[in-house]
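> This is the structure I have questions about; it appears just below.
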Amino acid sequence: MYLLSHLWPNKQVLDSAGVFSVAVGNDPTFLATRASYLLNLTGPSMSLGTACSTGLVAVHQACQSLLALECDMALAGGVSIHLPLISGYSYAPGSILSPDGACRPFDAAAAGTVSSGGCGVVTLKRLLDAQADGDTIHAVIRGSAVNNDGHEKVGFTAPSVAPQARVVAEAQEIGGTPPETIAMIEAHAAGTSVGDPVEVAALKQVFAKSQQPCAIGSVKSNIGHVDAASGIAGLIKTVLALQHRAIPPSVHFATPNPALELEQSCFYVPQQMTAHDATRGPMRAGVSSFGIGGTNCHVVLQEPPVLADAAASDLSRSEHSGRPCNLLQLSARTTDALEQMALELATALEQPDAPPLADVAHTLRCGRSARDQRLALVAASTADAVAQLRKPVEAQSATPQRLAFMFPGLGDHYAAMGWELYCLEPSYREQIDTCAKELAQHRRGDIRDQLFPDKDWRHASARSIGAEATAGKLDMRAMLGRGSSAPQPDPLEDPVNGQVAIFVTEYALARLLLSWGLRPAALTGYSIGEFVAACIAGIVSLKDALRIVAARAALIRDQAPAKAA
């Protein structure tokens, strides 16, 4: 609209900037690709257009891209801007616009909708990835579906009951969420005399057998019909409801529209804030968005997963991070600029609305350009980070450095080495478990029983570290049994256990570093470390290396001199 009404008629602008530049800068079909360019997004990037359902259809498409592994994170949303920004309209009897400027979905006095402008965007990730990354999860999308009316209606702009019912039922089927488990429906309802009854009729078909009450509402009663952004607006409203486990009331509602016959269904329009009935299980809600032309979309959501208890979370996670500490990386062109940056970051972190430290660390690492003067620090909390940032800066020059992995042999090993990494780092735990399963073919007993004595490694998690820290069991001397009145024998003193444990630990640690993007220019090792270096270098396979190390350890134990009686 802006392009057509303001720029194309302006010959001076077209002559000075050029038709191509004006089109690329203002054509809405370039919106998604421009965002990808500015934010360096490399996954599928597309601008959709399905009229009023655009925003929610974009969410559905983003979910499909995540499920297809086309991307690991997606931005999805919708935008609608009406020009001029300040304007009005003349009511015409029989039109879809309200005669008094109020939108009253489901109400007996509903007589039309109100157009408005707005935009909304949400960030989506696969649930397991979000949990592993320690992200704040506002809600979980259980299922989504899209279809079209075809010609099952009286006209191109008219809605249709059967297709709307099918898309709602399909989304519920995909999400494994029967109608009786849905506590709330955020409807597309715009307060029109045709659209609202059709939508309710479709919902009645899907929920015909449900005996559980289900609230229906529409954010359009609050903000009007934001056209292409209406679906994303409804989604955001629903996410907030799920976060607070509460059903919000509908404004501009007094008396149910008799044409809807709500009394013959499980649906009701809430008139006050209502807490979710916990006996029904997790709170679930559906969001509908139907576009003129017939593209229908429905999404089923569920409240976010329960977070770990506060005590374990505080000790095992650093402000929503999956790790107990975070690495902060700063860089600038000069030492003075770097010091000023550190002080400004410290001040920002002291503010009440400061973001989680893990988010700050991620932005510094991935969203900032690397300069010549650099500063890196490891912080366990925001207060720790502030204290370090306010110390005199000791900058490091960004001269190229070659990285080498060095793998030692026997001597420095100890019981429970790597336990914290096993609990906190899925990649490390996966490598240890893989090695243990392979070693089971070449030795007696599970190496994890000797590597982590007195540890419940079968149920290891971040909460394990939190509980042990609370009990004071992470002290190194306590782990080794040193300094106590009754020292416990170290199972790693047996070469059959110790040598294998060293290999497994060093191999898992090397793989963890590689997963973080560290690429060594050289590998070197001593004794057992030589086998790890050869394995990481690809000279010998993991299976062969484990078989050799297990056999070598057994031979060394068998050749040990007998002790005197």
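The values are calculated or read from the model by the stated rules, or taken from the named source; none is laboratory data. Everything numeric here is computed off the predicted structure, so don't read it as measured data. Don't worry about glycine lacking a Cβ; one is built from the backbone with ideal geometry, like all the others, and counts go over all protein chains shown. Please note that ligands, DNA and RNA were not included when accessible areas were found on the heavy atoms of the full protein model with its side chains. Shrake-Rupley method; radii C 1.70, N 1.55, O 1.52, S 1.80 Å.
> Using a 1.4 Å probe over the heavy atoms of the protein chains, calculate the carbon and sulfur portion of the accessible area of segment 147-188 as a whole percent.
Looking at segment 147-188 in its full context, I get 61 percent from C and S.
> Order LEU75, LEU260, LEU375, LEU403, most accessible first, counting only protein heavy atoms with a 1.4 angstrom probe.
Order by accessible area, largest first: LEU75, LEU403, LEU375, LEU260.
> Using only the alpha carbons of segment 172-226, what is the convex hull's orientation-averaged projected area in square nanometres?
4.4
> Rounded to the nearest 0.05, what FRET efficiency do LEU41 and GLU394 give with R0 = 51 Å and r taken as the Cβ-Cβ distance? Could you check?
0.90
> Among 39-46, 222-229, how do they line up by average Cβ neighbours within 10 Å per residue, starting with the highest? Mind dumping the intermediate values first?
Numbers: 39-46: 12.6, 222-229: 22.6.
Highest to lowest by the protection proxy: 222-229, 39-46.
> Give me the angle, in degrees from 0 to 90, between the Cα long axis of helix 542-558 and the longest principal axis of the Cα atoms of the chain, rounded to the nearest 10.
Roughly 30 degrees between the two axes.
> Enumerate by residue number the trypsin sites (Lys or Arg not before Pro) in segment 204-294 meeting two conditions: DSSP loop (anything except H, G, I, E, B), and at most 11 other Cβ atoms within 10 Å of the site's Cβ. Mind dumping the intermediate values first?
Numbers: sites: LYS204, LYS209, LYS220, LYS237, ARG245, ARG280, ARG284; in loops: LYS209, ARG245.
Answer by residue number: LYS209.
> Follow-up. Report the longest stretch of the chain that contains none of the chymotrypsin sites (Phe, Trp or Tyr not before Pro) sitting in a DSSP loop with at most 11 other Cβ atoms within 10 Å.
157-515
> Placing one identical point scatterer on every Cα of segment 93-196 and ignoring solvent, what is log10 I(q)/I(0) from the Debye formula at q = 0.11 Å⁻¹?
Normalising to I(0) and taking log10 leaves -0.54.
> Right, next: So what is the accessible area of segment 69-113 per residue, in Å², with the probe set to 1.4 Å?
Details: 2700 Å² over 45 residues.
On a per-residue basis, segment 69-113 sits at 60 Å².
> On to the next question. So for the chain, if I pair up every lysine 8 or more residues apart or on another chain, how many of those pairs have alpha-carbons under 22 Å apart? Write down the numbers at each step before the final one.
On the way: LYS125/LYS237; LYS153/LYS204; LYS204/LYS220; LYS220/LYS237; LYS437/LYS455; LYS437/LYS543; LYS455/LYS473.
Total qualifying Lys-Lys pairs in the chain comes to 7.
> Tally up the carbon and sulfur contribution to the accessible surface of segment 238-288 as a whole percent, 1.4 Å probe, everything protein left in place.
Exposed carbon and sulfur together represent 55 percent of the surface.
> Carbon-plus-sulfur fraction of the accessible area of segment 35-115, 1.4 Å probe, in percent?
Carbon and sulfur together cover 59 percent of it.
> What would the Debye equation give as log₁₀ I(q)/I(0) for the chain at q = 0.09, 0.10 Å⁻¹, counting only Cα atoms as equal point scatterers?
Once normalised to I(0) and log-transformed, intensities are -0.89, -1.01.
> Could I ask something else about it? What angle do you read, to the nearest 10 degrees and between 0 and 90, between the alpha-carbon axis of helix 230-244 and the longest principal axis of the chain?
It is inclined by approximately 50 degrees.
> Let me ask something else about it. Hey, for a label at LEU514 modelled as a point 7 Å past Cα toward Cβ, could you say which residues of segment 405-429 have their backbone N under 13 Å away?
Residues 405, 428 fall inside that zone.
> Of all DSSP beta bridges in the chain, what percent run antiparallel (nearest 5)?
70
> Return an integer: the convex hull volume of the alpha-carbon atoms of segment 5-146, in Å³ per residue.
176
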